[in-house]
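Notes follow once the structure below has been shown.
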Amino acid sequence: MKKVILVTGASSGMGKEAARKLINEGHTVYTVARRIDQMQDLKALGGYPMRMDVTNEEDIQTVVDTIIEKEGKIDVLWNNAGYGLYGSVEDVSLAEARKQMEVNVFGLAAVSQIVVPHMRKAKSGLISDLIKGKYNNHVPYPKNIRDAKAFVEQYKKYAKFPERSC
Ligand SMILES: NC(=O)c1ccc[n+]([C@@H]2O[C@H](COP(=O)([O-])OP(=O)(O)OC[C@H]3O[C@@H](n4cnc5c(N)ncnc54)[C@H](OP(=O)(O)O)[C@@H]3O)[C@@H](O)[C@H]2O)c1
């Protein structure tokens, strides 16, 4: 069945690939990131690119309001915006680490907070978090991405959001 999907961080990497696949499958896909110029190919495919910095609540509210006004619902939130920060604890400055957590953790929380009430109202919805996942295994992820994964794992455990990890 055709779904209304919001993909964050869709201007490159896995977010862009996921958005491309979902558009090709016939879903209504809103793709967001700061670099809107990098999503024009998704627009040509039939997607709806909009600017969103996940650390800016006004941006998030504008995007969610637009989707609700046009589509009446958001079926799926694909939380993908984020990045890895490489280096050991003494190499990564706290300013850089804070900035990453602001995007990978609180950005994800901020988008979820604004989307979830619409899902609750509809009694339906799915959140897929790309940042969540294994953080205590032997895959050589850098420390900061593991920190963010661990935080999101715990945050989601107690937030009681509808979700699916992938
Ligand atoms: N690659 C991996 O091995 C790996 C492993 C585990 C988890 N992950 C997670 O999976 C996700 C995608 O990874 P990737 O490798 O595909 O990343 P990527 O190619 O670097 O893409 C990152 C995306 O996040 C967006 N983004 C960054 N900061 C943002 C902000 N403040 N507001 C909105 N969007 C922002 C970027 O868009 P703009 O710059 O245009 O805003 C871009 O579209 C990330 O959350 C990453 O942490 C990746």
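Based on other C-beta atoms within 10 Å, arrange Tyr30, Tyr83, Tyr48 from fewest to most. Write out the running numbers ahead of the final one.
Working: Tyr30 25, Tyr83 16, Tyr48 20.
Lowest count first: Tyr83, Tyr48, Tyr30.
With labels modelled as points extended 7 Å from the Cα through the Cβ direction, what inter-label distance (nm, one decimal) is found for Leu126 paired with Val92?
3.0
For region 1-119, max minus min Cα coordinate along each principal axis, in Å, sorted largest first?
Principal axes ranked by extent give 48, 29, 23 Å for the Cα atoms.
How much length is gained if the chain between Arg35 and Lys2 is pulled fully straight, taking 0.36 nm per residue apart and subtracting their Cα-Cα distance, in nm to one decimal?
That works out to 9.2 nm of additional length.
Would you list which aspartates and glutamates come within 13 Å of Lys16, measuring only between C-alpha atoms, while excluding same-chain residues fewer than 8 positions from it?
Asp37, Asp41
State whether region 41-80 is rounded, prolate or oblate according to the following rule on the C-alpha gyration tensor (a ≥ b ≥ c being the square roots of its eigenvalues): a/c under 1.5 gives rounded; otherwise a/b larger than b/c gives prolate, and the remaining case gives oblate.
Oblate.
Exceeding 23 Å between C-alpha atoms, which entries from my cross-link table qualify? They are Lys3/Lys121; Lys21/Lys99; Lys3/Lys99.
On the way: Lys3/Lys121 16 Å; Lys21/Lys99 30 Å; Lys3/Lys99 33 Å.
Beyond 23 Å: Lys21/Lys99; Lys3/Lys99.
Quick one: net charge of Glu58's neighbours, Cβ under 13 Å, K/R +1, D/E -1?
-3
Alpha carbon centre of region 1-44 versus region 67-119: separation in Å?
Centre-to-centre (Cα) distance: 16 Å.
Determine, for Ser88, Ser112, the number of other Cβ atoms within 10 Å of each Cβ, and report the residues in order from fewest to most.
Ser88, Ser112
Throughout, read-outs are computed from the coordinates displayed, never taken from laboratory work. Remember, it's a predicted structure, so these values are computed and weren't measured experimentally. In this analysis, Cβ positions are derived from the backbone assuming ideal geometry, glycine residues included, and neighbour counts consider all displayed protein chains.
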